[in-house]
Amino acid sequence: MRITEPKVRAGFFWLPGKDEYKAPGTLTITDGGKVALEIIGTFSGPTGSFADIQDGGMTLGRVVGQVEREGLVTLDGCYYLKRSYGFGGITKSQIKVTWAILGVGFDRDEEVLFDEYCASIEGLDEWLRVSGISLELSDPPITYSIRYERPSPLTLYDSDQFSLSIGFGHTIPSMSDIKQAAITQSTYLKISTREPKEPVFFRKIIAQIREFLSLAVDDTVSVSEVWASNNSITLEGGEGKATPAKMDLYHGSINHKTEPPRIDNYRMLFRYPDISDSSQTIFARWFELYGVISPSINLYFSARAGAHKFLEGRFLSLAQAVETLHRRTSCETAMDLREFEELRVLLIAASPDKHKKWIEQKLAFANEVSLASRLKKLLEPFEERFGDKDHRKRVVRLIVDTRNYLTHYDVRSAEKAASGRNLVVLCEKLEAMLQLHFLRTLTFSDDQITAVCEGPQALKGKLASRFETDS
């Protein structure tokens, strides 16, 4: 979770149902969605108590509080990192918070449920390419008009359980600034459910959408803001009208890059206009297969996000991603299952007793297809995009030899392995292979894939990259 400016709030905090003592303290939320609480003493008093010493437990569960600006807060999954006892002097305790709700205080056993969940994600505006801002030139260079008309919400996906849509917000110009006037449009994802759901339901969907957007823009993006509501939890508004309380949410995130991504139109794999007519089908497929292909996607992004300082690490991650993708989307084996099982039983039975266990272990994965076979199968649907037959054969052989050398460091295969410029090209070929199969998995049509391959996107350059010895 991207938090550019740490949020620091002073307030009072207590355990639900035990509000006889409200500990003064400070709530801090920092980049990555890290939430921490520091209080004076413990929740039994500013200097702790003998009961605290006897208890010795570090788990707190839920903590509620009231802070400046946001008012009531709920902190869940809390436990002491440091529990201090003063013995007459004032001390401080440090508390780790799993996730925080700002805006509402929940009781000790009250279940947290939402029916609307919104999130802003980096790169969403650039990927969407929908704007309500227009510039009108009435009498240039004297008269210019900037007009904003908020776009209508866009529905990306709708199912029996929830709908996924895109909403639009904006800021209006300040009338007190006589030198400039600016309108800023913002976009956000909104998940609306038929029935209230637990927070983990929404987090899972947002995580999958974040990965989808990362794939689309070809960079690892982060969630920058999250808020939710429940129609049964309301606040009094103007004219006595009750409105659902907005709850700002903060929690830790995985695969979070410390540096903001560089969203480059050239690097994007595809944009919303490319899938606007088939978004229902594409998102349905994404939700259906995410659990299957996510390990391959994570390996792909570990290479794309610069997690490996050396080129060899990037290559190995991509090679494993390709192998994992085929393994998880294909049931292909080297031999017929029944034939292999008969052979396995015969081999184990024929081996000496002292070697039976070793033979059985060696045969456990003996029916797996080779990396070379997996690569050939993955190349088949896109053969014409990876050169002629000889060039494709060379790509496959070079990937296998390089993987084998870097995995086993066999001196005999050192000369066959790619290095330098050729290793860079090999990584680009693997990235292109993965991207094409991700598109195919998302039910992109042949025409859509052709448009991506022949358009201005970086994929075209990866497919066209050549080895040093290519003519």
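The values are calculated or read from the model by the stated rules, or taken from the named source; none is laboratory data. None of these values were measured; they are calculated from a predicted model. Note that we place each Cβ from the backbone using ideal geometry, even for glycine, and neighbour counts take in every protein chain shown. These area figures cover heavy atoms from the full protein model, side chains too; ligands, DNA and RNA do not enter into them. Shrake-Rupley method; radii C 1.70, N 1.55, O 1.52, S 1.80 Å.
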Every residue in region 4-35 that is among the hydrophobic types (A, V, I, L, M, F, W, C) and either at pLDDT below 90 or crowded, with 17+ Cβ neighbours inside 10 Å (or both), please. Phe13, Trp14, Leu15, Ala23, Leu27, Ile29, Val35
Flag for Leu269 being under 27 Å from Thr443 (Cα atoms) and touching a residue at least 60 places away in the same chain (Cβ under 8 Å): yes
When you scan region 367-379, do you find a residue that is part of a helix (DSSP H, G or I), without any contact (Cβ under 8 Å) to a residue 24 or more places away in the chain and open to solvent by 80 Å² or more (accessible area, probe 1.4 Å), even just one? yes
From the options Glu111, Glu116, Glu136, residue that is outside any strand (DSSP E or B), open to solvent by 20 Å² or more (accessible area, probe 1.4 Å) and not small (Gly, Ala, Ser): Glu111
What number goes with the only condition from (1) assigned to a loop (DSSP other than H, G, I, E, B); (2) under 30 Å from Leu337 (Cβ atoms) that Phe444 does not pass? (2)
Can you tell me how many residues in region 195-206 are closer than 18 Å to Glu288 by Cβ and open to solvent by less than 40 Å² (accessible area, probe 1.4 Å)? 2
Evaluation of Leu423 against (1) without any contact (Cβ under 8 Å) to a residue 12 or more places away in the chain; (2) farther than 15 Å from Arg385 by Cα; (3) not charged (D, E, K, R) (one fails), failing number: (1)
Search result, residues across region 377-415 that are modelled with pLDDT of 90 or more, among the basic types (Lys, Arg) and over 30 Å from Val345 (Cβ atoms): Arg385, Lys389, Arg392, Lys393, Arg394, Arg397, Arg403
Picking from Arg267, Arg285, the residue that is at pLDDT 90 or above and closer than 30 Å to Ala319 by Cβ would be Arg285
Looking at region 141-194, what strands (runs of 3 or more DSSP E) fall wholly within it and have at least 2 residues that are open to solvent by less than 100 Å² (accessible area, probe 1.4 Å) and under 20 Å from Ser276 (Cβ atoms)? 154-158, 162-171
Hits in region 258-282 (condition: of a type outside the set (S, T, N, Q), in contact with a Lys or Arg (Cβ under 9 Å, 6 or more places away or on another chain) and either surrounded by fewer than 17 Cβ atoms within 10 Å (Cβ to Cβ) or assigned to a loop (DSSP other than H, G, I, E, B) (or both)): Pro260, Arg271, Pro273
Please enumerate the residues belonging to region 346-359 that are loosely packed, with under 14 Cβ neighbours inside 10 Å and closer than 26 Å to Arg403 by Cα. Trp358
Across (1) surrounded by fewer than 19 Cβ atoms within 10 Å (Cβ to Cβ); (2) under 30 Å from Glu288 (Cα atoms), Glu468 clears everything bar (2)
Residue match in region 222-234 (condition: more than 13 Å from the chain's Cα centre (by Cα), aromatic (Phe, Trp, Tyr) and either at pLDDT 90 or above or surrounded by 18 or more Cβ atoms within 10 Å (Cβ to Cβ) (or both)): yes
How many of the residues in region 388-401 are surrounded by 18 or more Cβ atoms within 10 Å (Cβ to Cβ) and within 20 Å of Cys453 (Cα to Cα)? 2
Going through region 423-455 in order, the residues found to be small (Gly, Ala, Ser) and surrounded by fewer than 19 Cβ atoms within 10 Å (Cβ to Cβ) are Ser445, Ala451, Gly455
Among Ser413, Ser351, Ser373, which is polar (S, T, N, Q) and closer than 18 Å to Leu325 by Cβ? Ser373
